[in-house]
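What follows is a set of notes on a single structure, which appears directly below.
The values are calculated or read from the model by the stated rules, or taken from the named source; none is laboratory data. Just so it is clear, the model here is predicted, and its values are computed rather than measured. Neighbour counts run over all protein chains shown; Cβ positions are idealised from the backbone, glycine included. All accessible areas refer to the heavy atoms of the entire protein, side chains included, with ligands and DNA or RNA removed. Shrake-Rupley method; radii C 1.70, N 1.55, O 1.52, S 1.80 Å.
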Amino acid sequence: MVVTFLVFLLSLGGCTENKTDDIKKPEQARSLKRAFADDFYVGAAINARLISEEDSLALQLLRKEFNSISPENDMKWENIHPAPDSFYFDIADRYAALAEDNNMFALGHTLVWHSQLADYMNTVSDTATMNVYLENHISTIVQRYKGKIDAWDVVNEALNEDGTLRESVFFKVLGEKYIAKAFKLAAQSDSDAKLLYNDYNLCVPEKRGGAVRLVKTLQNEGIKIDGVGMQGHWGLKEPSLAEIENSILAYSDLGVKVSITELDITVLPNPWDLEGAEVSQNFENEDRMNPYPDVLPYSVQLQLAQRYHDIFQLFVKHSDKIDRVTFWGINDGNSWLNNWPIRGRTNYPLLFDRKFHPKEAYDSILSLISEN
Ligand code: G3I
């Protein structure tokens, strides 16, 4: 595999950022979903503009490259269930139809999450109300999309970094049993849908320990859980390949499938690393935090390509354990990482550039598959 990447690098020899833009590649012959058809689904998170088919270039790319979709924001509680007795299904319905029309694996993201909650949920303080709201939310949504949404992120980001449970409103009111309740309700509403626990930093040993406990607790209670979603919001160096691999193995050993659910690789400096806990607001205005406002230097482009190559090599090695690899966005221009943790930066975390052209990282991944 290292050899294939070296061959790929040599084939690029001497290219500059502008030059690669002009190279005409036989794109119609290449496709992520085709390349990894025997390994796992390859997915992308899509936004409301794409779901509503208002972004024709993005839609074209989606259809060509991906066979799975995730709704970036439109099935989150505040959007789909903004008031106790009011649901807003328009965009979610279009999302499900898009998946059906294009024969794509559709994820439901997400049923129970402390963030992007509707305001009324944050003020719930008694068990009875919380139970009613949870039941109404999960049953209504999962039943509506029965047979259309293939897998649900049932509970999202319930863990602290040390592996203990986060003090979300769900935890405060119901204690840890809210997790079992959510999975039970989802399973009752659609017994065929795959049910996942999804979180970030699941390669960090303490948090991984917490996720393993969470899965085991459900399994010991006889509650259906099919998979762990490892959000891949990663960097050029971290987490190490060894920790990614250890984590895939740890979850797979529990008898559940792994999905890489929100893959993107930031190439920008992280203010938290540089300043410890003291993050100054002035940081946002400093050029050094946004070092590539116009173009990503070719040397960094190659680092990104190498990193994607290496992690996909690992994914292919463990493809028997991995159901799906989903990128968090279609191209660099619509990535959330342009606005987090500092707003208004220019990041380059995905496989396609702002003009929807495949980057070196795309080629490096396809170089893993011999037929390409
Ligand atoms: O819709 C409003 C718009 O009306 C308003 O004008 C605008 C002003 O900032 O904000 C818009 O809402 C934004 C929303 O995305 C839709 O674009 C929010 O500010 C923004 O905070 C929100 O960010 C989303 C983030 O979740 C919120 O937590 C990102 O798009 C989305 O990519 C991100 O996705 C999460 C996953 O769901 C869970 N895992 C982590 C991942 C990254 O944070």
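Things worth noting here:
- Area of residue 146 that stays accessible when all protein chains are in place (1.4 Å probe, Å², to 10): 100
- Between the beta carbons of residue 37 and residue 140, assuming R0 = 41 Å, the FRET efficiency works out to 0.75 to the nearest 0.05.
- Note that segment 136-147 has calculated 3J(HN,Hα) couplings of 4, 4, 5, 5, 4, 6, 5, 5, 4, 9, 4, x Hz, one per residue in order, obtained from phi through the Karplus relation 6.51 cos²θ - 1.76 cosθ + 1.60 (θ = phi - 60°); glycine and proline are x.
- Take every pair of alpha-carbon atoms less than 8 Å apart whose residues are at least six positions apart; their mean separation over the length of the chain yields a relative contact order of 18 percent.
- Per-residue 3J(HN,Hα) values for segment 329-341, derived from phi via the Karplus relation 6.51 cos²θ - 1.76 cosθ + 1.60 with θ = phi - 60°, read x, 9, 9, 4, x, 9, 6, 4, 6, 6, 10, 8, x Hz in sequence order (x marks Gly and Pro).
- For residue 117, the accessible surface of its heavy atoms amounts to roughly 10 Å² (probe 1.4 Å, protein chains only, rounded to the nearest 10).
- Helix 2-11 and the long axis of the chain differ in direction by around 50°, with both axes built from C-alpha atoms.
- Value of relative contact order over segment 21-139, rounded to a whole percent, pairs C-alpha under 8 Å and six or more apart: 24
- Placed amide H near residue 102: partners under 5 Å, 5+ positions off or other chain: none
- Rounded, prolate or oblate (a/c below 1.5 giving rounded, otherwise prolate when a/b exceeds b/c) for segment 112-204 by Cα gyration tensor: oblate
- Hits among aspartates and glutamates - C-alpha to C-alpha of residue 194 under 14 Å, sequence gap 8 or more where chains match: 150, 153, 226, 323
- When the residues 343, 324, 63, 208 are ordered by accessible surface, computed with a 1.4 Å probe over the protein chains alone, the sequence from largest down reads 343, 63, 208, 324.
- The lysines whose alpha-carbon is closer than 25 Å to the alpha-carbon of residue 359, local same-chain residues fewer than 8 away aside, are 19, 24, 25, 33, 64, 237, 317.
- Distance from the Cα centroid of segment 91-108 to that of segment 201-262 is 26 Å (rounded to whole angstrom).
- Phi-derived couplings, Karplus 6.51 cos²θ - 1.76 cosθ + 1.60 at θ = phi - 60°, listed residue by residue for segment 120-129: 4, 6, 6, 9, 5, 10, 10, 4, 4, 5 Hz, with x used for Gly and Pro.
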